[in-house]
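What follows is a single structure, written as structure tokens, with notes after it.
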Amino acid sequence: ATEPELSTTTTTTLKDKLTEAIHQLQNENQITGLQITVISNSKTLTNLAAGTIGTANPRPITPSTLFCIFSISKAVLTIGILRLLQDGKIRSLDDPIADYWPEFANAG
């Protein structure tokens, strides 16, 4: 199994916990490869990568590996929007986007 590649900005406790979890997943053959980045307040706390892209493409995954994520970004965006709603930063899911992003109205 490929050892997780660690960035220099990794928080030690977080790095250790994630590295342990990655090793466990690898030992249980639950993953082929993965990359985990944790960002808080615009600061990268950790950026770990382990394993390979896949059996057909056994190149190692690094913190800079690009992935085809297809429509997964829609779910991530939805979570972000719902979090903004929960925090009161947007009033309603029915509000026009231009209420929050005026430039959008120019092209929309």
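The values are calculated or read from the model by the stated rules, or taken from the named source; none is laboratory data. Only a predicted model underlies this, so the values are computations on that prediction, with no experimental measurement involved. Cβ atoms come from the backbone with ideal geometry, glycine included; neighbour counts cover every protein chain shown. What goes into the accessible areas is simple: the full protein's heavy atoms, side chains included, and nothing from ligands, DNA or RNA. Shrake-Rupley method; radii C 1.70, N 1.55, O 1.52, S 1.80 Å.
Using a Förster radius of 22 Å, what is the FRET efficiency between LEU93 and SER71 based on their Cβ-Cβ separation? Nearest 0.05, please. Efficiency, from the Cβ-Cβ distance: 0.70. Solvent-accessible area assigned to carbon and sulfur over the chain amounts to 56 percent, based on a 1.4 Å probe. For region 24-76, the Kirkwood estimate of hydrodynamic radius, built from reciprocal distances between every pair of different alpha carbons, is 12.6 Å.
If the convex hull of the alpha-carbon atoms of the chain is projected onto planes in all directions, what is the mean projected area in square nanometres?
Here the figure is 9.6 nm², rounded to one decimal.
Counting charges near ASP99 (Lys, Arg +1; Asp, Glu -1) among other residues having Cβ under 13 Å from its Cβ returns a value of -1. The relative contact order of the chain comes to 22 percent, based on Cα pairs under 8 Å that sit 6 or more residues apart. Taking 16 Å as the straight-line reach from the Cα of LYS15, the lysines in range (excluding those fewer than 8 positions away in the same chain) are LYS43.
Ranking THR55, THR32, THR62 by solvent-accessible area of protein heavy atoms (1.4 Å probe, all protein chains present), from largest to smallest, gives THR55, THR32, THR62. Dividing the helix sum by the residues of the chain, where each DSSP H run of 4 or more adds -39500 (n - 2.57), gives a mean residue ellipticity at 222 nm of -10500 deg cm²/dmol. Note that the chain presents 76 Å² accessible area per residue, ligands and nucleic acids not counted, probe 1.4 Å.
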